[in-house]
Every structure is written in C-alpha cells, then in structure tokens.
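No lab work stands behind these numbers, since they all come straight from the coordinates. These figures come from a predicted structure and were not determined experimentally. Glycine gets a Cβ as well: all are built from the backbone with ideal geometry, and neighbour counts include every protein chain shown.
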Amino acid sequence: MTAILKNITIDQGADYQRPFLILDENGNPVDLTGAYAAMQVSTAYGFPAVLTLTTSNGGLVIGGENGTITPVVSAAMTSPLVPGNYLYDVKLVFANGKTVRPFQGTATVSPEVTVIVPTPPSSGGQFNFSIAGNSGLAAGVF
C-alpha cells in the first residue's frame, strides 16, 4: 500500500475530527479491528513533531470494520499551532503486524481571527441579531 497524498486543513483554535477512510483494491473498507496508528505533524522532514496523535494517547480513533482512522484534536491543541504549512503522515500497524503508511500530505493550519471563546447568551439561550432597514442581513440562534 503506497501512501495516498491527502492534503488537510486544520483550523487554529477549533476542534479537528475528519476521518481517513482506508479502502481495499475493490473499494471496500479495510477492517482495522485490532490495528493501532500514529500521526505526526512537523514543519519539515526530520524535524520534531508539533503534533503527535496515536491510538494510545486518544489522538486517533480506529473505526474497526468501517475502515476509518479519525484524528481527535481539541481546540486547546490547535490554538498554539503557528499558521502555515506543515507535513504529516499516518502510520498504521495491523493486528497481524503489517505496517503501512496509508496517508501523507500537507497539513495547512488556517489562522483564527476570533480568539475569544463564545459564551451562551444570558437571554435563556436565545440570541437574535438583525440590521435595521431591509438590508437582507440577519442571523439567529434559537
């Protein structure tokens, strides 16, 4: 299995959970039951990782017979990442010991603008916003 090039974007200051799907030559999900994995994000080849995710540390979740590996990255983990382009890959060890690198690519960290954490409104969970005059801009959370 040759690593598939899959570029990803991680939003700084936000949770990241987008699964990788591993398919066999017929397009069916590969059973990952009993497998474990690791993923590292680094500024360049041979440099220390700025982010390390494994099944052991809870940073990667294996989806068993669904064929998925899902990174679980919290906003607290993405906040200190400097916006820019990084390299990443995923290493997977099957239950039988076979080791593959199914995915690799560029991980782009997109900078956040809003650095405060939103708090619920004090109006009992209701927030309304509109602009006077029929300008067509309105938002609401109910």
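Per-residue answers, yes or no, for (1) under 29 Å from GLU25 (Cβ atoms); (2) crowded, with 16+ Cβ neighbours inside 10 Å; (3) among the basic types (Lys, Arg):
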{"position": "ALA75", "(1), (2), (3)": "no, no, no"}
{"position": "THR78", "(1), (2), (3)": "no, yes, no"}
{"position": "LEU81", "(1), (2), (3)": "no, yes, no"}
{"position": "GLY84", "(1), (2), (3)": "no, no, no"}
{"position": "LEU87", "(1), (2), (3)": "yes, yes, no"}
{"position": "ALA107", "(1), (2), (3)": "yes, yes, no"}
{"position": "THR114", "(1), (2), (3)": "no, no, no"}
{"position": "PRO118", "(1), (2), (3)": "no, no, no"}
{"position": "PRO121", "(1), (2), (3)": "no, no, no"}
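Do we have any residue at all in region 19-30 that's under 23 Å from THR99 (Cβ atoms), hydrophobic (A, V, I, L, M, F, W, C) and free of Cβ contacts under 8 Å to residues at least 24 places away in the same chain? No, there is no match, as no residue in region 19-30 is under 23 Å from THR99 (Cβ atoms), hydrophobic (A, V, I, L, M, F, W, C) and free of Cβ contacts under 8 Å to residues at least 24 places away in the same chain. The residues of region 31-50 that are touching a residue at least 40 places away in the same chain (Cβ under 8 Å) and either polar (S, T, N, Q) or not in a loop (DSSP other than H, G, I, E, B) (or both), listed by number, are THR33, TYR36, ALA37, ALA38, MET39, GLN40, VAL41, SER42, THR43.
Yes or no, residue by residue, for (1) within 16 Å of LEU53 (Cα to Cα); (2) hydroxyl-bearing (Ser, Thr, Tyr); (3) in contact (Cβ under 8 Å) with a residue 40 or more places away in the chain; (4) in a strand (DSSP E or B):
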| position | (1), (2), (3), (4) |
| --- | --- |
| ALA76 | yes, no, no, no |
| PRO80 | yes, no, no, no |
| ASP89 | yes, no, yes, yes |
| LEU92 | yes, no, yes, yes |
| ASN96 | no, no, no, no |
| PRO102 | yes, no, yes, yes |
| THR108 | no, yes, yes, yes |
| GLU112 | no, no, yes, no |
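Kindly provide the set of residues from region 32-52 that are within 14 Å of LYS98 (Cα to Cα) and surrounded by fewer than 17 Cβ atoms within 10 Å (Cβ to Cβ), ordered by number. Correct list: THR33, GLY34, TYR36.
All conditions in (1) part of a strand (DSSP E or B); (2) touching a helix residue (DSSP H, G or I) at 6+ places or on another chain (Cβ under 9 Å); (3) among the small types (Gly, Ala, Ser) hold for GLY13, with the sole exception of (1).
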